[in-house]
Amino acid sequence: MSFADELKLVAPEDRSMFEEEYEKNGRTVTELPIDGSFVRCPPGGYRHPRRTVHVTFYTHSDHKIVRMYLDEESCFEEVAQKAAELLPTVQWKICSGTQYQYDFEFHSSRQLWDSIQQTPICRFYYLLIRLERLHPVSPDVRCDSCKRSIIGHRFKCTECADFDICQSCEGFAVHSEHAMLRIVNSGTHVPGYITANAPSYVFGH
């Protein structure tokens, strides 16, 4: 990763500072505050480790970079709240990825904290967040793998009796031994030849 590449991950209001330090220190950056110096510590300090992190929020068509001060124990909630502030008209799933690639959905602060990376030259922390629209919950349907309510696409097994998984579990190749039918919403049309040839206990015919 070059310095120019790193600069693209920095919040716009901080870029000039990094450029100045980069030139002043002979094209190395070793003295920038990277771990909390931007934010005043409250009396008594913090109970958990915290980091200054440049977070890039990607959507399908745009991105925004924000400098945040994240807590190890509550960073998932902090990032979700910031996403709601930046783009309040839509509910979002917090995922890992970029504008062109969706990797996986975050479910906990531990998972998100472990995804924070550090650049080799400027040594600042950064995090790439892909925001996915939160689709309505499938009514009364829970994932038979993770046991959570299914949000977004539902994947129905074409061989097992009443077996459905969510799109997160499907992304991890859960139940890969059987073909799965993707159901987007209640209006998704399932071709007759599928229901006619499936075992009676799958579709209830």
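Which number in (1) touching a Ser or Thr at 6+ places or on another chain (Cβ under 7 Å); (2) in the same structural domain as CYS166 (by TED's automatic domain parsing); (3) not hydroxyl-bearing (Ser, Thr, Tyr) marks the one condition that ASP144 misses?
Condition not satisfied by ASP144: (1).
With the requirement that a residue be within 16 Å of ARG154 (Cα to Cα) and either β-branched (Val, Ile, Thr) or at pLDDT 75 or above (or both), what does the stretch 182-205 give you?
Across the stretch 182-205, the qualifying residues are ARG182, ILE183, VAL184, THR188, HIS189, VAL190, VAL202.
Just to be sure before I move on: is VAL66 at pLDDT 95 or above and more than 25 Å from PHE172 (Cβ to Cβ) in the structure I sent?
It is true that VAL66 is at pLDDT 95 or above and more than 25 Å from PHE172 (Cβ to Cβ).
The values are calculated or read from the model by the stated rules, or taken from the named source; none is laboratory data. Note that the structure is predicted; figures quoted are calculated from it, not measured. Methodologically, a virtual Cβ is constructed for each residue, glycine included, from the backbone with ideal geometry; neighbour enumeration extends over all protein chains shown.
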